[in-house]
Amino acid sequence: MALQLWETLKESIVAYTGLSPATFFTVVALGLAVYYVVSGLFGSSPDHHQRPRDLHEQMQPLPPPVQLGEISEDELKQYDGSDLKKPLLMAIKGQIYDVSQSRMFYGPGGPYALFAGKDASRALAKMSFEEKDLTGDISGLGPFEIDALQDWEYKFMSKYVKVGTIKKTIPVTEGASTAESAEVADKDVPKTSEDGPSESTEAKNEETPSSVKPEDAE
């Protein structure tokens, strides 16, 4: 049965195309190959051009790290990776490092993206991803957490370039208490007039007898 169908198919190919069965199937195969090549070039052209461009952007060399000096924590937030024109920065124990080469980890969408643009010393020491631990305050940490933070610091020092430090802020309460103490001290000091000693000093001099005896004066 199958042999009869094959013979009938060959006769039909010769009758309608004038080609031999082998030539006919060769032409069909070439036609399919050309179709897939053309559809791959034109049908998915956006993806075809987009991928090389993305790859080219990833392969571009990173600019050299820029030294920022001393900046505040609010200024550090500007370098969290949301702006591709700015470097990706992160701080440990007040020291700021350029982690742009590890954007896949610390950049947007990365597993450690929430640490970028911050001093996340406490979070790194505790391996915590909670918002309350995204701070440079390391008070109250245990010995194992201190060791873990030290390991992170050694890693950053050996792998990344230090570009600055976080500006330390002085609490307002200290300034207020200092001003108050100065005011109190100022009140306790007796004021003297420009022309001579104060009245209280003169009164004391009158009440206190002179230590020099007359015979001594002679």
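Extending each Cα 7 Å along its Cβ direction at Tyr154 and Ala29, get the distance between those two points in nm, one decimal.
Between Tyr154 and Ala29, the simple spin-label model gives 6.3 nm.
If amide H atoms are built 1.01 Å from N in the plane of the peptide, which residues on other chains or at least 5 residues away come under 5 Å of the amide H of Thr165?
Those lying under 5 Å, H to H, from Thr165 are Gly69, Glu70, Ile71, Ile96.
Note down the nm distance, to one decimal, between modelled labels 7 Å out along Cα→Cβ at Glu70 and at Ser12.
So the two model labels end up 9.0 nm from each other.
Loop-only check: which GluC sites (Glu not before Pro) in the stretch 54-140 are DSSP coil with at most 10 other Cβ within 10 angstrom?
On the way: sites: Glu57, Glu70, Glu73, Glu75, Glu130, Glu131; in loops: Glu130.
Here the GluC sites (Glu not before Pro) that fit, given the DSSP loop and packing criteria, are Glu130.
Past 19 Å, Cα to Cα, is the threshold; run Lys126/Lys167; Lys77/Lys155; Lys126/Lys155; Lys132/Lys159 against it and keep the listed order. Write down the numbers at each step before the final one.
Values: Lys126/Lys167 24 Å; Lys77/Lys155 22 Å; Lys126/Lys155 16 Å; Lys132/Lys159 27 Å.
Too far apart for the 19 Å limit: Lys126/Lys167; Lys77/Lys155; Lys132/Lys159.
Residues of the stretch 122-159 with the amide nitrogen closer than 14 Å to a label point 7 Å from the Cα of Leu114, along Cα-to-Cβ, please.
Only 122-135 fall inside the zone, counting backbone N under 14 Å.
Report, by chain and number, residues whose modeled amide H sits under 5 Å from the one on Met90, excluding near sequence neighbours (fewer than 5 apart, same chain).
The list, which skips near neighbours in sequence, is Tyr97, Val99, Gly117.
Can you give the extra length, in nm with one decimal, that the chain gains between Asp137 and Met104 once fully stretched, where that is 0.36 nm per residue apart less the Cα-Cα distance?
Details: separation 33, 0.36 × 33 = 11.88 nm, distance 2.65 nm.
Taking 0.36 nm per residue and subtracting the Cα distance, the gain is 9.2 nm.
We did not get these values from a lab; they are worked out from the coordinates using the rules stated. Only a predicted model underlies this, so the values are computations on that prediction, with no experimental measurement involved. Counting neighbours? That spans all protein chains shown, and the Cβs are built from the backbone with ideal geometry, glycine included.
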